[in-house]
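What follows is a single structure, written as structure tokens, with notes after it.
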Amino acid sequence: MVISNKPLQFLFAAIVACIPFVGFANPAVDSTHVTTEAVAEHHGEAAHEEKEFNATELINSHIGDAHEFHIADWGGHPISFYLPVILWTNNGLEIFSSEKFHHDNEGHHVVDVNGQELVRYKEVIFYKDKFETLTEEERKNGAFAFDARPLDFSITKNVFSMLMSTIILFLLFLAVARSYKKNPKAPKGIAGFLEPLVTFVRDEIARPNIGEKKYGKYMPYLLTIFFFIWINNLIGLIPFFPFSSNLTGNIYFTFVMAFITFLVTTFSGNKDYWGHIFNTPGVPFWLAPIMVPVEIIGMLTKPFALMIRLFANITAGHIIILSLVSLIFIFDTVAVSPISGAFVLFMSVLEMLVAALQAYVFTLLSALFIGQAVAEHDHH
Amino acid sequence: MQLTSPESLIFWTTIIFIVFFFLLAKFAWKPILGAVKSREESINNALASAEAARREMQNLTADNERILQEARMERDALLKEAREMKDKMIADSKQEAQLQGERMIEQAKAAIAAEKNAAMAELKAQVSSLSLDIAEKLLKDELSNKEAQTKLVEKMLGDVKLN
Amino acid sequence: MVLAGIGAGLAVIGAGLGIGKIGGSAMDAIARQPEAAGKIQTAMIIAAALIEGVALFAVVVALIA
């Protein structure tokens, strides 16, 4: 029987339709358990019935951070890649594998570590005794209840993916640098692919905004953040095992990036820059009490906007893609998968554009702010 | 949206990014940027030297042109000079010839005059001798008749005394 | 929850209008002077990204609420 007259395209469509089954499996949490068609038979042993598909839960679990990599569900048992949990507790540093939590995110399973009892609620680890005194509302915002939890320095999904991306980038650019030494003429191979990008960052982003004299000092920084953010964006789009984390869509990550840009801008501000803030030219001195706070707020909103922009763009893209994929599970039929697959394909391509674009905009605005800080003031 | 613990990501991000940045800046960006810039410079140098070579070529061609032009002008000048000289020589020789002619005429005239004088002198001599001869003959004839002669002399003496 | 959705929707209306206007003037400019199409496109994309950033402020607030 001929299944299809165009075997390659059928195969491709079949693979695309199967991605949701493999890549978007969720953590097997006790209370809400997503059922897929394949796992529907294996419900005998566990105490969960076929609950309704909760798209919000799925999306939140994919966008948020986690202590382990949940790869797939196999026969009711989850397959995960367990990452180490590093805690700074009242008793000192504790390191153990996240396997001890047994995929518990509801605070039921107690882990005993050197006499301390810990529970994990929605990926935040608490002291068990303190946890029980918290209300439901406090538990949800538990990340900030610093007296009820130890300090968490674990290698989470995002940290792992960040390590991976730095290693990839480092090896890549080291290879490129070495190829320049070996081959002083026209670049071949990967150098030929990356060199136009480096030249692009230098000539379109750094030179026009920072000026001819000083752009050389800031080139390494701009290049680093450009490629770092771009590759992390791209990694977040890949749904299977080592790549499935959402690093740039995490507000703490973008906060650190924006903060570093803020530090670079502030520490390279010359006298004209500070003069503009504390002594805006053309403003009479008695307005200074109003102008100075306004200027300071203006100085702070720029990195804030950088942070929010990157975070929101990437997160929004991920949410859209995940929602479109969840359509299949909400309608609970395979027939929706071609439509959903088409939408997901379109959105993924758009997200790739957004990945590059957001990296470019972040770098461009950083260069702009640095340029404003080091600008030689041409007196009117 | 669920917010997880901030410190893990913030701490690790800061550390990893700073380490990564310094490593990359030292081992990757410096050589890459240096290589790109040196290649750009070499390209610019090559372009500039090509431009200079082209300009040199242009200069050379212009020089050649100029030299040719000058040679041509010199040739024209030489020709003109030659022509002028020819004309002048012709005029000079004409004048010479004329002068010579006049002198010859003068000489001829003088020669003619001299000849004439000589001829006149000769003639005079001839005439005088002839006339002497004729006179002699006449005289002979006349004197041969003594009576006629003595009558004639008496008459002449008579004439003189009468003055 | 519903109000958050409404708030996000309003913000997106604003963003849509703004980016639409930018796109429109970019098209006009390119029609006037096709040689500058590259520069105009770059500027358009940057402006669109900035406006989207502002719109996503509102989306983030809606998400948090």
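Every listed requirement among (1) surrounded by 14 or more Cβ atoms within 10 Å (Cβ to Cβ); (2) at pLDDT below 85 is met by A:PHE311 save one, (2). When you look at A:ILE229, is it in a helix (DSSP H, G or I), more than 10 Å from every other protein chain (Cβ to nearest Cβ) and closer than 29 Å to A:ILE321 by Cα, yes or no? The answer is yes for A:ILE229. A Cβ distance below 7 Å, combined with a sequence gap of six or more or placement on separate chains, defines the contacts here; from the range C:38-62, residues that are in contact (Cβ under 8 Å) with a residue 24 or more places away in the chain and at positive phi reach no residue that is part of a helix (DSSP H, G or I) and among the basic types (Lys, Arg).
For the residues A:PRO220, A:PRO196, A:PRO208, A:PRO239, the requirement of being of a type outside the set (Lys, Arg) and touching a residue at least 12 places away in the same chain (Cβ under 8 Å) singles out A:PRO239. A count restricted to the range A:200-210 and to residues that are surrounded by 14 or more Cβ atoms within 10 Å (Cβ to Cβ) and either out of contact with any Leu (no Cβ under 8 Å at 6 or more places or on another chain) or over 16 Å from B:ALA25 (Cβ atoms) (or both) stands at 6. For C:GLN33, the conditions (1) more than 14 Å from chain A (Cβ to nearest Cβ); (2) under 21 Å from A:ILE63 (Cβ atoms) all hold with the exception of (2). For the range A:318-339, the condition of being within 24 Å of the chain's Cα centre (by Cα), closer than 18 Å to A:ILE231 by Cα and either surrounded by fewer than 13 Cβ atoms within 10 Å (Cβ to Cβ) or in the same structural domain as A:LEU237 (by TED's automatic domain parsing) (or both) holds for at least one residue. Screening B:LEU47 on (1) more than 7 Å from chain A (Cβ to nearest Cβ); (2) in contact with an Asp or Glu (Cβ under 9 Å, 6 or more places away or on another chain) shows it passes everything except condition (2).
Summed over the range A:180-195, residues that are assigned to a helix (DSSP H, G or I) and at the interface with another protein chain (Cβ under 10 Å from one of its Cβ atoms) total 5. For residues in the range A:144-177 being among the small types (Gly, Ala, Ser) and more than 19 Å from A:HIS108 (Cβ to Cβ), which is nearest to the chain's Cα centre (by Cα)? So, considering only residues that are among the small types (Gly, Ala, Ser) and more than 19 Å from A:HIS108 (Cβ to Cβ), the one nearest to the chain's Cα centre (by Cα) is A:SER161. Restricting the range C:53-65 to residues that are farther than 13 Å from A:LEU306 by Cβ and buried (at least 17 other Cβ atoms within 10 Å of the Cβ) leaves a set whose member that is farthest from the chain's Cα centre (by Cα) is C:ALA62. In the set C:GLY20, C:GLY38, C:GLY5, only one residue is of a type outside the set (Phe, Trp, Tyr), over 17 Å from A:VAL361 (Cβ atoms) and within 16 Å of the chain's Cα centre (by Cα); that residue is C:GLY20.
Residues of the range A:238-248 include none that is surrounded by fewer than 18 Cβ atoms within 10 Å (Cβ to Cβ), modelled with pLDDT of 85 or more and not in a loop (DSSP other than H, G, I, E, B).
Taking helices (runs of 4 or more DSSP H) as the structural unit, those lying wholly within the range A:268-380 and holding at least 3 residues that are within 25 Å of C:VAL60 (Cβ to Cβ) correspond to A:288-331, A:337-374.
As a summary of the residue check, A:LYS213 satisfies the conditions (1) within 8 Å of chain B (Cβ to nearest Cβ); (2) of a type outside the set (A, V, I, L, M, F, W, C); (3) in a loop (DSSP other than H, G, I, E, B) except for the one numbered (1). What about B:THR14, is it of a type in the set (S, T, N, Q), facing chain A (nearest Cβ under 9 Å) and either assigned to a helix (DSSP H, G or I) or within 30 Å of A:ILE155 (Cα to Cα) (or both)? The answer is yes for B:THR14.
Yes/no matrix, rows are residues, columns are (1) away from every other protein chain (no Cβ under 11 Å); (2) modelled with pLDDT of 85 or more; (3) in contact with a Lys or Arg (Cβ under 7 Å, 6 or more places away or on another chain):
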position	(1), (2), (3)
C:LEU17	yes, yes, no
C:ILE22	yes, yes, no
C:SER25	yes, yes, no
C:ALA48	no, yes, no
C:GLY53	no, no, yes
C:LEU63	no, no, no
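Checking each residue in the range A:283-311 for being of a type in the set (A, V, I, L, M, F, W, C) and within 14 Å of chain C (Cβ to nearest Cβ) picks out A:PHE304, A:ALA305, A:LEU306, A:MET307, A:ILE308, A:LEU310, A:PHE311. Restricting A:LEU169, A:LEU222 to residues that are part of a helix (DSSP H, G or I), touching a Ser or Thr at 6+ places or on another chain (Cβ under 8 Å), within 11 Å of chain B (Cβ to nearest Cβ) and modelled with pLDDT of 90 or more narrows the list to A:LEU222.
Restricting A:ALA206, A:ALA177 to those that are in a helix (DSSP H, G or I), among the aliphatic types (A, V, I, L, M) and facing chain B (nearest Cβ under 8 Å) reduces the list to A:ALA177. Scanning the range A:144-163 for residues that are of a type outside the set (Phe, Trp, Tyr) and either surrounded by fewer than 18 Cβ atoms within 10 Å (Cβ to Cβ) or over 26 Å from A:SER245 (Cβ atoms) (or both) yields a count of 5.
Matching residues to (1) among the small types (Gly, Ala, Ser); (2) touching a residue at least 60 places away in the same chain (Cβ under 8 Å):
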| position | (1), (2) |
| --- | --- |
| A:GLU138 | no, no |
| A:ASP147 | no, no |
| A:PRO150 | no, yes |
| A:SER165 | yes, yes |
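Screening A:TYR215 on (1) surrounded by 23 or more Cβ atoms within 10 Å (Cβ to Cβ); (2) closer than 24 Å to C:LYS39 by Cα; (3) among the hydroxyl-bearing types (Ser, Thr, Tyr) shows it passes everything except condition (1).
The values are calculated or read from the model by the stated rules, or taken from the named source; none is laboratory data. As the structure is a computational prediction, the values presented were derived from the model and not from experiment. FYI the Cβ positions are ideal-geometry reconstructions off the backbone, even for glycines, and counts take in every protein chain you see.
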